[in-house]
Every structure is written in C-alpha cells, then in structure tokens.
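S.K.: Here you go, one structure.
The values are calculated or read from the model by the stated rules, or taken from the named source; none is laboratory data. As the structure is a computational prediction, the values presented were derived from the model and not from experiment. Positions of Cβ are generated from backbone atoms using ideal geometry, with glycine treated the same way; all protein chains shown enter the neighbour counts.
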Amino acid sequence: MSKPKVTYFDFPGSRGEEVRLALVLAGVDFDDYRVGRAEFARIKPDLPFGTLPTLEVPGHGVLVQTNAILRLIGRLHGLHPGDPWEGARHDAVLEACEDLRQRLSATSRMSDAAEKKAVRQALVADFIPRWAEGIEGLIGEGSFVGGTRPAVADIKIYMIQKALSSGTYDDIPPKILDRFARVQGVAQRIASHPAVLAWIRRA
Ligand SMILES: N[C@@H](CCC(=O)N[C@@H](CS)C(=O)NCC(=O)O)C(=O)O
C-alpha cells in the first residue's frame, strides 16, 4: 500500500465522506475502499471500536475516530489551525457536529414510531436551532470557520447541512437550517469548491 486508504460504506455522506472530502481538499490521492454490509460484518470484530471510517496510512497503521482523523489530515495539509486557541474554536465545531449527528442517528435506530416522532419534534423545537446558533457564533463573520480558507470544520458543517436539507429524517423539515445564513454560506462554499465539485462529478 503506497497511499492512504479510507474504509467506509458506499455512501456519499456522514463521517466517511467527511474524511474523503478532507483528503480531496488536501489534494491527497487515496484508496477509496467501500464495504458492503456483509464485508462490514466480517471486519467489524477487528476494528478498534467496531466502527467506520478508518484511515490507514503507510507506516502509521489504522487510525480511527472521525474527528481525530480530520484533525490529523487538517494539521498535515493546512485545513486545521496550528494555533491552539484557533484550533480549539475549530474543534468546538467538529464536536458540536458530532453531538447533533449522534442525536439524529439515535432517532434512526428507534423502532417505536411515536417515540421517534416525539424525539425528532423536540430536536426541531429546541436542540437544532440552538445548535445552529452556536455554530453561527463559531463561524463568525468570515466565509469559513477560519475566515477566508476552508478547513475540516467547514466540511463537517457542510455534511450535517446536506443531511438535514436532504429530507432524510421524517419530521425534521428540510428547511430547518435555511434561516441560518452563516451555516448556509459555509455549506454552499464547500459544495461549490472546485475540488469538491470534481470529486462529486468524478466518473
Ligand atoms: N465516534 C465514531 C463513530 C463511528 C460510527 O458510529 N460510525 C458508524 C458509521 S457513520 C458505524 O460504523 N456504524 C456501524 C456500526 O456501529 O455497527 C467516529 O466518529 O468515527
């Protein structure tokens, strides 16, 4: 193996796509390895936390935990601040996005339809607007979290915005983030970044 290998499901979203996009923005060629359910069941016992994505880097073994992977790629390629204080602001975005993702995925695992609806309605009424206000505060006045240049934190915002606006979650209005201009702005700038467009349009 001569290049980094990302292992994830064959799905253009969530944590695995964040790692792929970080490498895409970094301009790093990588092995985009996608597993189906049967293969995942086979490899799961050997994964450090039984989850994907993983990033395997020649000479460094298998790395796990999406935000740790994103920070590593970011630090190596100018997509995460070296300054500890700026880094902490970006880290807050990464962790807040995981907070929301975990809340959303927990609802997807609920088998009781009434409970699922009630929890999602509560997210819509309170958690998601608060989350978006917090993210807007962390973005500040710039085009991206870091001001003028994209960072892995912006990829994280983009991926959550994409998931929510796609209508994936019943009872969560796809327009829920529309009134948050900074979140929208960051998401649109990542979506229209030439490297991201080339990745999405690849053969
Ligand atoms: N904290 C972990 C969570 C990883 C995670 O839950 N990944 C999901 C896919 S996005 C997964 O592997 N799900 C299958 C399973 O848990 O069996 C991370 O950020 O990488």
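S.K.: Just to be sure before I move on: is residue 57 surrounded by 13 or more Cβ atoms within 10 Å (Cβ to Cβ), within 14 Å of the ligand (Cβ to nearest atom) and at pLDDT 95 or above in the structure I sent?
M.R.: no
S.K.: Sort out for me the strands (runs of 3 or more DSSP E) sitting completely within region 1-57 that have 2 or more residues that are closer than 20 Å to residue 195 by Cα.
M.R.: Qualifying strands (runs of 3 or more DSSP E): 5-9, 31-35.
S.K.: Could you tell me how many of the residues in region 107-131 are touching a residue at least 24 places away in the same chain (Cβ under 8 Å) and farther than 22 Å from residue 156 by Cα?
M.R.: The total comes to 3.
S.K.: Return yes when residue 196 is modelled with pLDDT of 95 or more, in a helix (DSSP H, G or I), over 15 Å from the mean Cα position of the chain (by Cα) and among the β-branched types (Val, Ile, Thr) and no when it is not.
M.R.: Working: modelled with pLDDT of 95 or more: yes; in a helix (DSSP H, G or I): yes; over 15 Å from the mean Cα position of the chain (by Cα): no; among the β-branched types (Val, Ile, Thr): yes.
Answer is no for this residue.
S.K.: Within region 97-111, restricting attention to residues that are more than 11 Å from residue 128 (Cα to Cα) and of a type in the set (A, V, I, L, M), which residue is farthest from the ligand (Cβ to nearest atom)? Give the steps one after another, and end with the answer.
M.R.: First, the residues of region 97-111 that are more than 11 Å from residue 128 (Cα to Cα): 98, 102, 105-111.
When the remaining residues are screened for being of a type in the set (A, V, I, L, M), the result is 106, 110.
Values: 106: 11, 110: 16 Å.
Here the answer is 110.
S.K.: Shifting gears a bit: Kindly indicate which of 14, 2 is polar (S, T, N, Q) and either in the same structural domain as residue 154 (by TED's automatic domain parsing) or more than 10 Å from the ligand (Cβ to nearest atom) (or both).
M.R.: Working: 14 fails: either in the same structural domain as residue 154 (by TED's automatic domain parsing) or more than 10 Å from the ligand (Cβ to nearest atom) (or both).
Exactly one of 14, 2 is polar (S, T, N, Q) and either in the same structural domain as residue 154 (by TED's automatic domain parsing) or more than 10 Å from the ligand (Cβ to nearest atom) (or both), namely 2.
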